[in-house]
Amino acid sequence: MTKANKIFTTELFKLLKEKGEITPIPGIDAKSYLACTRLGKVYSLASEKWLGLGSVGVGGKGYILVSLKDNEGKKVKIYEHEAILSSRLGIEKKLWRNEKERYFLYTEPMEIDHLDGDVKNNCISNLELVTSAENKRRIKARKVAKRLSQEDKYDIVDAFLEWEAGKMDFYKNMGQELGCDFRTIQNVVIAFNRDIDGIEIDGEQTL
């Protein structure tokens, strides 16, 4: 188990529950499984364990898949990021994904974007519900970001740390300077913040 995963204990679950950070997953048996959207993990009450720790992911994209039970006791497999977003929004996946559903809530099927490009980082702060077209555009922008030289990325981060105006202005200005989409710049900054940020509980750095 990695250093990061070692913090996911039963004691952590109890602490988060006391702080009101544990929530049900719509459509999933709440007596068996609950979620912490801030940390992006699902907890099994039966096994008293956090699910998906150390998972290499499935398929070509490497999403974390967890096995749960629905409200009728049937086993269901669901991607961790979908469970987390459902828990935060308070609605089942089908209400944003399946436009044939009677109570579908959007004008078209929606997808979940991992803002930093890391599909295993399912913290709610890293997830955003977007259209399929927007999701594809963002993925393309990240690929462009990966082609930036390491020196370019260092320059972007240095400039960002010195920037005193709004973030969006920085992204757009730097994008124009380097000849790329503003979201490419944003992805570089997000990756930098992810690398330096740890998880804080009661003001203590745990990572």
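Rounded to the nearest 0.05, what FRET efficiency do residue 45 and residue 143 have when you use their Cβ-Cβ distance and R0 = 30 Å?
Numbers: r = 40 Å, r/R0 = 1.34.
According to the calculation, E is roughly 0.15.
Obtain the nm distance between the two label points defined at residue 152 and residue 99 by a simple spin-label model: each point lies 7 Å from its Cα along the Cα-to-C-beta direction.
3.5
Taking the inverse of the average 1/r across all pairs of different Cα atoms in the stretch 148-194, what Kirkwood radius in Å do you get?
10.4
Stokes-Einstein D for the stretch 95-176 at 37 °C, 0.692 mPa s, Kirkwood Rh over Cα pairs, in µm²/s?
For these conditions, the coefficient is 218 µm²/s.
At 7 Å along the Cα-to-beta-carbon direction for both residue 134 and residue 67, put a label point, then send me their distance in nm to one decimal.
Each label point is offset 7 Å from its Cα along the Cβ direction, giving 3.6 nm.
Using alpha-carbon pairs under 8 Å, 6+ residues apart, how would you state the relative contact order of the stretch 5-136 in percent?
Here the relative contact order equals 21 percent.
If you average over every viewing direction, what projected area does the convex hull of the Cα atoms of the chain give, in nm²?
13.6
Within the stretch 13-80, which trypsin sites (Lys or Arg not before Pro) sit in a loop by DSSP and count at most 12 neighbouring Cβ atoms inside 10 Å?
Details: sites: 14, 17, 19, 31, 38, 41, 49, 61, 69, 74, 75, 77; in loops: 19, 31, 38, 61, 74.
Counting only loop positions with at most 12 other Cβ atoms within 10 Å, the trypsin sites (Lys or Arg not before Pro) in the stretch 13-80 are 19, 31, 61, 74.
Whats the longest run of the chain with zero GluC sites (Glu not before Pro) that are DSSP loop and have at most 16 other Cβ atoms within 10 Å?
Looking at the chain, 102-163 is the longest stretch - no exposed GluC sites (Glu not before Pro) with at most 16 other Cβ atoms within 10 Å.
Using modelled amide H (1.01 Å from N, peptide plane; none on Pro or chain starts), what sits under 5 Å from the amide H of residue 69, excluding residues fewer than 5 places away?
29, 76
No lab work stands behind these numbers, since they all come straight from the coordinates. Keep in mind the model is a prediction, meaning the values are calculated, not measured. FYI the Cβ positions are ideal-geometry reconstructions off the backbone, even for glycines, and counts take in every protein chain you see.
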